[in-house]
Structures are given as C-alpha cells and as structure tokens.
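Below is one structure, written out as structure tokens; the observations come after it.
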Protein chains: 2
Amino acid sequence: MSWTLTAADLPDLARGATLLGTGGGGDPYIGQMLVQRVLGDGSITVLDPDELADDLFVIPTAQMGAPTVMIEKIPAGTEPTLALRTLEKHLGRTADATMPIECGGINSMIPLIVAAETGLPVVDADGMGRAFPELSMETFAVYGVHGSPLALAGERGETVVIDTGDDDRQMEWLARGVTIRLGGVGHIAEYAMSGADVKRTAVPRTISMALALGRAIREAREEHRSPFDAIAQTLSTTLYSEVRELFTGKVTDVERRTTEGFAKGRAMISSLDATSDDALEIAFQNENLVARRGDDVVAIVPDLICVVDIESGEPITTEGLRYGQRVRVLGISTPAMMRTPEALAAFGPSAFGLTEPFIPVEARVYA
Amino acid sequence: MSWTLTAADLPDLARGATLLGTGGGGDPYIGQMLVQRVLGDGSITVLDPDELADDLFVIPTAQMGAPTVMIEKIPAGTEPTLALRTLEKHLGRTADATMPIECGGINSMIPLIVAAETGLPVVDADGMGRAFPELSMETFAVYGVHGSPLALAGERGETVVIDTGDDDRQMEWLARGVTIRLGGVGHIAEYAMSGADVKRTAVPRTISMALALGRAIREAREEHRSPFDAIAQTLSTTLYSEVRELFTGKVTDVERRTTEGFAKGRAMISSLDATSDDALEIAFQNENLVARRGDDVVAIVPDLICVVDIESGEPITTEGLRYGQRVRVLGISTPAMMRTPEALAAFGPSAFGLTEPFIPVEARVYA
C-alpha cells in the first residue's frame, strides 16, 4: 500500500538506513538535512512496488563518491534533480516516479530530495538491498535492467551523460572517473525502468523497512528494552529475517584510506574480557565486506555486517568507529534474490576480490 | 574556393600537419591510414570558410589523448563518427559539415575520417592554428563559441556527453578524465557552431596550408632544392608569414614522461661544432612550448617551434626525437588572432605555467 512520508519520519529513516549501510553508504544524516530543507512541512508519497502500473516510468536517483568526501563536501542539494532532468531530456521522456538504487546510507535520502523538489512519488524499493560501493552492483543489472544511460550532475551545474550499453562495470568505471574529477562527489540518475521492471528486479519495501528499523531501535531505547531484540523482531517479518550476533567487544584498531574514490580498510573488535585474545576483524570497501573471527569467516558479503553501539543499538559507520568504543556486531541475512549465483557474481565475495565462498549467515553455528 | 581532397593528397597533408603539430598533436600517419581505409578512391569536399552560409551547422570532430598512447593503441576508426552522431542526437540537429579543432597532428585527419564515412564536407579551418594539448585552447572559445556540449566515444561503443556551460576548462578536465579511463584515447565532437561563427572564430585555411607545406617539402626534396626555403616560401603568402631558423644541431638529450594524460618533457639540441657549448633546449607538453638558447627565450608558445630533419626537411615529433639526430629548429609566426591578449590568456606562455612573456618570433634578433 502507498504511504506518506513527512519530515518527522526522517530521523528514524536515517538511523535505519545507517544500519542497512553496513558501515558505509555515506552519511544519511547529511542527506536528511537536505531533505528537510526542501520538504519543510510537506509530504512525499511512497509507492508500494507491487502496486505499480507496468508502464510506470521510474528514474532512480543517487549520489556517488567516497563517504569520507561526502562528510566534508556537503552538496548544494539541487544536483540530484538536475541529474534526473538531464536523463529525462536525453531519453525524451519524463519520469513518473523516482526510486533509490541503494537503501543503505545517504542514498536512502537522495530520491527524497528529488521527490520533495519535483513532487514525484518515490518507489519503496531499491537495487542493492543494502549499500554497495559500485554502481554495477545492482539487482536491477543482475536481472536484466542496465544502468545506461546514466546522467551525472556536479555542484557547478555540470552534466555528463554516459552510455555504455549493457556494460554496467564500464559505466561505473567512467562515472567514477568523472566523480573523482568533480571533487569526489557526483549525483546521478540511472537504471531508468518500467513498473514491470521494478517488480521483477528491485528489492521490495526497503524504505519502509529502514524506517521501521530506525523507529524500533529508538522506541526500544526510550522504553528501556533491548534494541537488538527490537531489530530482530522488526526484521522477522521481512525478507531479511535471520539476525545473528557475531561478536561483542571493543574497537581496538581501525585502519582506513581513501583511494581511487573508495574508503578501504579494516577494523578490529577485541573481547571485553581482557584475559581473552578472541577478536573479530572486519574488512571494508566503503561497506563492511567480511567478518573474520580467528580463521573463521563468520559473515560475508552480500549478507549484512552491522556494527552497533552496545548500549543504545545506534548503528556505527566505519567512519564513526573510534578506539575503545564498545560495540555489538550483527550478521543479517539478505533476500533470496541477492544470493542467486548471478547475484553473487555481481556483488558476492569474488566481486570484491575475496577468495572465501559465500555462506549464508544463518547457516553457521556460533560458539 | 571549395576544393576536393583525395587519398593521393594524404601523405603531403600528413607531413604538413606534422610540421604544424610543433612536435605533438599525435601521429597523423596513423590517421592517414584510417582515412585511406574509409575513403578508398572517393573524394572529400573541402569548404572555404569565407564562403560558408551563415546558418550552416558545423560540428568539429577530433581525437583526444596522449600521443604516446595513440601510437600504441590504434583506434577502430568508427569512433569519431559515433561522437558526431551522439552530439547530433543530443542537440536534435544534424551537421552540415565537420571541421578540425586542431590542424596539427592527427586531428588534421580525424574530420576526414568522418567526412569519408558520412559524405559530409570538411571546413578548411580549425580552432588551434597548430596543435595544443587541451580542448579549451581554442580560438573558438577565445572568441565566444564554447565547447559544450561535448560528445565523446570510446572504442567499445561507449558514449559520453559532457556539458559544462561556458566553462571550457572544466569540460577539458572532465573529458580528459573519461579519456584516461577509456585507456588514454577518446574521440570527440564539440564546439558545434554556425557558419557565421566559423568566419568569426576559426583560423582559416589551415588544411590547405598543411597540404601545401607537405607538398612543398616533398617537391623540394625531389628536386634537390632547400626544403627550408620551400617552407618559408609556402608560408609567405599565409597568415604564418614569418619563418626563422632558431638553431641547427644534433639531439643530445630527450627526457619525456606520460603523466595525467599528457606527454611532458624536454629535448636538448647541441651545436654541430663539437668545440662549442651552444645549445637549444625545447620544453614540451605534447607540443613544443618554449625554446631557450642559454638564458634567452628564442621562441615561445603560441608561435610554432618545429624540429625538422637537417637534410630532408621532414618534420620530427617529440616522440620521434632520437639521440644523435641532426636537426634544424624553425620558429614560425602565428596569425594575429592567436596573439591577442585574450588568445594569449587561453594558450600563451602563462597558460602552460611559463613565466616568460610572449614575444613574437619575428621581433627577435638572432646571432
């Protein structure tokens, strides 16, 4: 069913989107401020994907760049709509709705800026079902909708239209090059598709799930209930139904560098028991990719690896990780459409150069 | 007057374009092969710029990239026309003619490939009056025609349309970034303009000048006359009427590196008299920028600094410079429209980070 989103929902949505960002995806709080500024006391219509007309024309919108840069270089806010308008002009067709390509991190917010500015509705679905570092890592592409043509807009009103046919990796490569030359952040419109395509290729209801997650964490905290139980209970009725506690400990080391437009590095979480040498190592490329406990891989991409504050359940990005923080690390299962061989080829372990195979987080046995 | 160009003209045109490349501009002999393949025994109509209808619609075409890469990565040949078609589609208007943006080096040939493929005529004019390393270094831009929107095509059929409004340096910056990610070479269509704009902003009759120069050098050689006298005589009736011999010697050092998509470096030409320490140093960025003899600047951009073989008069690119070559270095004056304060701001010494002022090559006194 369609529903209405207002500014009051944004803090919860930002919290849930940070959790789904699995450490990356860019800071949704900056996006939230941009949405608030444009939305005021207005509202945004959010469309249920199952109810879309097959011939509805949807143009997703997003931001691309390194999260480290996004924090320092807040966008003007007009770029995503310029990207959408540029793609509309290129295609000779106006959009009926926009949609996220990525439900985790700041890209949960960018389509809302476009919706608030243009009055277009937003489809409650996305193409990553979490956050991923590259534009080609989309269920859209896995199931036959390609990203090209892509329109990219810069803060000085520059526009770039990239068409690489069905080669989404080349599209990503060229768009990333332009984004780096724009100073590290670009806004994009891509993966234009029909309502029928959305139903076939998108991960459904991820905006409403992010909102529900953020609300559940907040309410549990306010009511002195366990935020982890609230997360598990919220997800139990979604396509992300399996939640596992991977580790509890404190941050003892964080190593990160921004290179080729990505934030890469690793974090070490050590046992709270000072006499134990038990520890969890998380490797990330913008997002958390793999969690290793000793020699064992305990969770691996595309499943979600989420670091949250041990007390409040507040999700913590890799940028927010600090020495001494006490955290809980959760593993969350992803929908079946994200775990098919085709999907794993696009955004499974091997797509990130990892040699370990994918094993569902719920298939493991923990001590 | 309009004239007709056939495959028989191409070797002379390539030779002349190499001279006008002032050491850079990419190898026109590769372009010549590509034109020959498409042209066969057909012909190309070359339009005199003075005779253009004011409302003629001209889309210039070119290649961009580092000359060092062009030699190793020969283009498929279909990219320039794809770039033209992409820009036509973007603008919603078909071209009546194409034109070089650069008369020196390989970009003398690229519009001929397009003409041979499409049947479009080529305008006998260009926007550099020589070769320059950046897309923003155009008399077109200096006199108010901007490069955007620019269409770029890659060898795998990728297309990119870049629009930076009237900021041609930002256009160059973004297009260069895409070109680097395409492997170092891209083909472009840009600076779309009317016949009236061509008359106002282009350097006229540079294709016919290149052809006449190449023919004069060859005929002088065949008839055992001085190729240098032939060059000077050919240029005497053009806008490039002042020719000076800057130095005669042998190449004793060449230093070059390909960086950020450019071939940068310097060459040292030493006196043929082994007892003399007289020498000429030429610094280049794709093209020769400045020639220094001891502490004296003897020629400087935008005037032409051309290295030619001491016997045959054959022009030598910076890529072709080899230790021990015996060469003559010529300084050639550029047209008045390339020496105005606005023009010098775009492609004079300061545009290349040189601190020396521009002084016309004919204003100097030589020993």
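The values are calculated or read from the model by the stated rules, or taken from the named source; none is laboratory data. The shown structure was predicted, so the numbers you read here are calculated from the model rather than taken from an experiment. All Cβ positions, glycine included, derive from the backbone under ideal geometry; neighbour counts span all protein chains shown.
What the table below lists for this structure:
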{"quantity": "Which numbered condition residue B:320 fails, given (1) over 20 Å from residue B:27 (Cβ atoms); (2) surrounded by fewer than 23 Cβ atoms within 10 Å (Cβ to Cβ)", "calculated": "(1)"}
{"quantity": "Out of A:138, A:155, A:117, sole residue that is of a type outside the set (Gly, Ala, Ser), in contact with a Ser or Thr (Cβ under 9 Å, 6 or more places away or on another chain) and at pLDDT below 95", "calculated": "A:155"}
{"quantity": "All positions within region B:57-80 that are within 14 Å of the chain's Cα centre (by Cα) and modelled with pLDDT of 95 or more", "calculated": "B:60, B:61, B:62"}
{"quantity": "Out of A:104, A:77, A:92, sole residue that is more than 14 Å from chain B (Cβ to nearest Cβ) and on the phi > 0 side of the Ramachandran plot", "calculated": "A:77"}
{"quantity": "Those residues of region B:201-252 which are of a type in the set (Lys, Arg) and in contact (Cβ under 8 Å) with a residue 12 or more places away in the chain, in sequence order", "calculated": "B:205, B:215, B:218, B:221, B:244, B:250"}
{"quantity": "Selection within region B:287-313 - without any contact (Cβ under 8 Å) to a residue 60 or more places away in the chain and more than 11 Å from residue B:361 (Cβ to Cβ)", "calculated": "B:292, B:293, B:294, B:295, B:296, B:309, B:311"}
{"quantity": "Answer from B:80, B:121 - the residue that is in the same structural domain as residue B:53 (by TED's automatic domain parsing) and buried (at least 24 other Cβ atoms within 10 Å of the Cβ)", "calculated": "B:80"}
{"quantity": "Residue A:184 surrounded by fewer than 24 Cβ atoms within 10 Å (Cβ to Cβ), touching a helix residue (DSSP H, G or I) at 6+ places or on another chain (Cβ under 9 Å) and not charged (D, E, K, R)", "calculated": "yes"}
